[in-house]
Each structure stands twice: as structure tokens, then as C-alpha cells.
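The values are calculated or read from the model by the stated rules, or taken from the named source; none is laboratory data. These numbers were taken from a predicted model, which means no experiment stands behind them. Glycine also receives a Cβ, built like all others from the backbone with ideal geometry; neighbour counts cover every protein chain displayed. Areas reflect the complete protein model, heavy atoms only, side chains present, ligands, DNA and RNA absent. Shrake-Rupley method; radii C 1.70, N 1.55, O 1.52, S 1.80 Å.
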Amino acid sequence: MNSDSKIYVAGHRGLVGSAIVRKLQDSGYSNLVFRTSHQLDLTKRDQVDAFFEEEQPEYVFLAAAKVGGIMANNDYPAEFIRDNLMIQTNVIDAAHQNGVKKLLFLGSTCIYPKLAAQPMREDSLLTGELEPTNEPYAIAKIAGIKMCQSYNRQYGTNFISIMPTNLYGPNDNFDLNSSHVLPALIRKFHEAKLNNTQTVEVWGTGTPKREFLYSDDLADAAVYLMNTYSGNDLVNIGMGKDISIKELAEKIGNTVGYKGEIIFNTSKPDGAPRKLVDISRLTGLGWQAEIPLDDGLGMAYGWFLEHVEKNTLLTN
Ligand SMILES: NC(=O)C1=CN([C@@H]2O[C@H](COP(=O)(O)OP(=O)(O)OC[C@H]3O[C@@H](n4cnc5c(N)ncnc54)[C@H](OP(=O)(O)O)[C@@H]3O)[C@@H](O)[C@H]2O)C=CC1
Ligand SMILES: C[C@H]1O[C@H](OP(=O)(O)OP(=O)(O)OC[C@H]2O[C@@H](n3cnc4c(=O)[nH]c(N)nc43)[C@H](O)[C@@H]2O)[C@@H](O)[C@@H](O)C1=O
């Protein structure tokens, strides 16, 4: 990408899209184009076609998607498979029809089998059963990967796919029903501290392990790979380290300064037992993460205090 290349960041208000925009702007890219979902509903093919014809972007970061944590995926499987298939099909095909030079598709490590050998290598894709709580979303993401690879093969496009681990950072979703674990626990511990509540409920057994990457690290990797990597092989993006949900809860409790007790609600699902990604392909391409979890948690809590707590949560 050149500094004046026209770059479309789909999903620019979200956790990932907003981090990619910050990274591009900080790196001097000045010709960025965005639309909110109200201005451009990417599930609507006619709107997507009109947008690409009008704007003719040269590069596309596809960070628009229907995204949520374990319960949202479990409760709304139809929306997760439908919206994601529609958004990615419309954008990937329009990118091809309009001669986009390069597109980066965001998948997720939930595409790998529930019991994949750890750390999960890119070649474990389609070698076993998926985790049931997010199978419809994972199937949509696998279709997106296969679409990029098929377009590259048949039409000679340059569409790459990256598979980030669990992410967190500014503009995360802090809604307790639909969010991922990390923002949910920041909010739960913060509210328990303010209200002097004796216990905080953590879902599941606390034994599943997850790997967490700060969104600015992910954005750095995405821009780096857009500039340096072309090919059909997926690239995992992660830290290469994971922790249990119990350990995460304890860390967040310490970050927030909560003194009460943690209780586990085992009626809620655990999901995949472990999702540590193998990052050898990524490190071989010359990139590694820089923001340790302890630093990232402090930054995420600071962002929450500044942007979410003040404005909405406690006035509900
Ligand atoms: N969060 C995570 O832990 C992980 C995320 N990913 C992937 O990263 C990508 C981005 O996720 P994340 O940033 O967390 O998600 P967010 O929910 O934070 O943001 C998603 C964005 O998509 C946009 N969007 C949703 N539906 C539509 C639509 N119909 N038309 C146009 N825009 C739409 C929204 O736009 P608007 O704000 O304008 O409504 C929103 O800003 C996804 O592909 C996800 O699978 C991968 C691994 C982990
Ligand atoms: C990114 C990834 O995200 C999802 O998969 P997940 O990693 O299972 O998601 P999660 O962050 O919601 O949960 C992780 C673990 O944490 C436990 N947990 C405890 N307490 C809370 C809690 O309060 N909220 C939530 N959400 N989880 C909690 C929870 O029970 C589980 O054991 C999918 O969307 C998947 O498709 C995907 O791609």
C-alpha cells in the first residue's frame, strides 16, 4: 500500500476495525474510506455493489462481521451464520468485480477443531469436529477462507486470510449477554467493586484456557501482512501464550482492585477447552506481538473507565 492508496476498512467502528484505522492513520495512510452499517448494510448486495462502484477502493480490510461471545453464538446461531456468509460473500465478490488489488479477510481461531492438537496449527483446519457453541459462525468463517482461496485460484486475485486469537481493547463490546469474556469480566468486577458486592460470577468451570491479544497488536499484524504477505495459506495471529479463565478472572480482579470472591456458574458453557495458536508461520513472516496481557488489561480497563463507564453503564 502507498500512503495515498484508497483503503476501505469495513467495520471501522468495531474493536478490530477501529484499531486498523488507528494503525493506518498513525502510519501515514491518508486515503481511507469507511461507512457505518447504517450507511451501508453489507448484507445487501445492491448497496455493496453501489459502494464499490462509487468508491473503487484499492485495498480492503474486511473487519465487518456479526461477532459475539459464547452465549451470543449459542443463542443466535442463525444470525451468526447468515449475516457472516452474506457480508463476506458480498464484499469478497464485489472486491473481485471491481479489481481490488488486495483484500484481507478476518477469520478466527474457532475455525479449528474443538480438540485440535495444541498449539493449533493452520493445517489442522477441517481435520475434526468444531466446537458446537460456535459451529455456525465457524462454518461461515471457513467459507470465507475458502472463498478467498478459490478466487485467488480461479481469478488470480490477491485475497489473504488471517486467524486471530481472542482479542480485546478499545471499542470492545461490554454488554454482558453478547460480549466476550474479557470485557464482560472488566465490567462485572468494576460494578461489583462500586456496589460492594461480595461475589462476582464467572461462567463455566474456569478451567478452559484462552489466549488474548490486544487489538492494536492485531492491527499492527494486519497492516504488516497486507504489505508483506501474499498467498493462500492462512496465518494465525496470537501471542503464543494462554491462561485459564480462572487466572484471567483473578488478574482482572487485581487490575480493577476488587476484594471479594469469585464464584463459578457451571450451568453456563465452557466452550472449547483450549485455543492456543501456533504462531510459527507468523513469526517466520517476521512479526511478533508486543503488548503483554498485564499491560493490555490496564489499558483496556482505562479505556472502559473513560469511554463506557462514564457514559452509559451506570446510568442504565
Ligand atoms: N473480537 C474478537 O475476539 C475476535 C474477532 N475476530 C474477527 O475480527 C472481525 C471484527 O471483529 P470485532 O471488531 O471484534 O467485531 P465488532 O462487533 O467490534 O465490530 C464489527 C463491525 O462490523 C460492522 N458490521 C456488522 N454488521 C454489519 C453490516 N450488516 N453491514 C455493515 N457493517 C456491519 C459493525 O459496524 P457498525 O459499528 O457501523 O454497526 C461493527 O463495527 C470479525 O471478522 C471477527 O470474526 C477474530 C478473532 C477474535
Ligand atoms: C473469539 C471467540 O469467542 C467465542 O468463543 P469463546 O472463546 O468461547 O468466547 P468467550 O470469550 O465468550 O468465552 C470464553 C470462556 O470464558 C468463559 N466466561 C466466563 N465468564 C464469562 C462471561 O461473563 N462472559 C463470557 N462471554 N464468557 C465468560 C466462557 O464460559 C468460556 O469458557 C466465540 O464467539 C468464537 O466464535 C470466537 O471466535
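Below, the figures for the structure above:
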quantity	calculated
Net charge, ASN232 excluded, C-beta distance under 15 Å - Lys, Arg +1, Asp, Glu -1	+1
Charge tally in the Cβ shell below 13 Å around ALA72, where Lys, Arg are +1 and Asp, Glu are -1, ALA72 excluded	-2
For the chain, share of DSSP beta bridges that run antiparallel, in % to the nearest 5	5
Extreme residue, positive dipole direction of the chain, given options PHE80, ASN98, GLN39 (C-beta unit charges)	PHE80
Radius 11 Å from Cβ of LYS209, net charge of other residues (Lys, Arg +1; Asp, Glu -1)	+1
Within the accessible area of region 183-316 (1.4 Å probe), percent carbon and sulfur	47
Paramagnetic label zone (point 7 Å from Cα along Cα-to-C-beta, LYS268; backbone N under 17 Å) in region 68-108	68-76
Positive-pole candidate from SER244, GLY17, ILE145, dipole of region 7-315, charges at beta carbon	SER244
Kirkwood hydrodynamic radius of region 183-274, from inverse mean 1/r over distinct Cα pairs, in Å	15.3
Region 7-315: relative contact order as a whole-number percent, Cα under 8 Å and 6+ apart	20
Kirkwood Rh in Å, taken over region 7-315 so that all alpha-carbon pairs contribute	19.9
Simple label model, 7 Å out from Cα along Cβ direction - GLN97 to SER27, nm	2.9
Pairwise centroid distance, computed over Cα atoms, of region 66-103 with region 208-249, Å	20
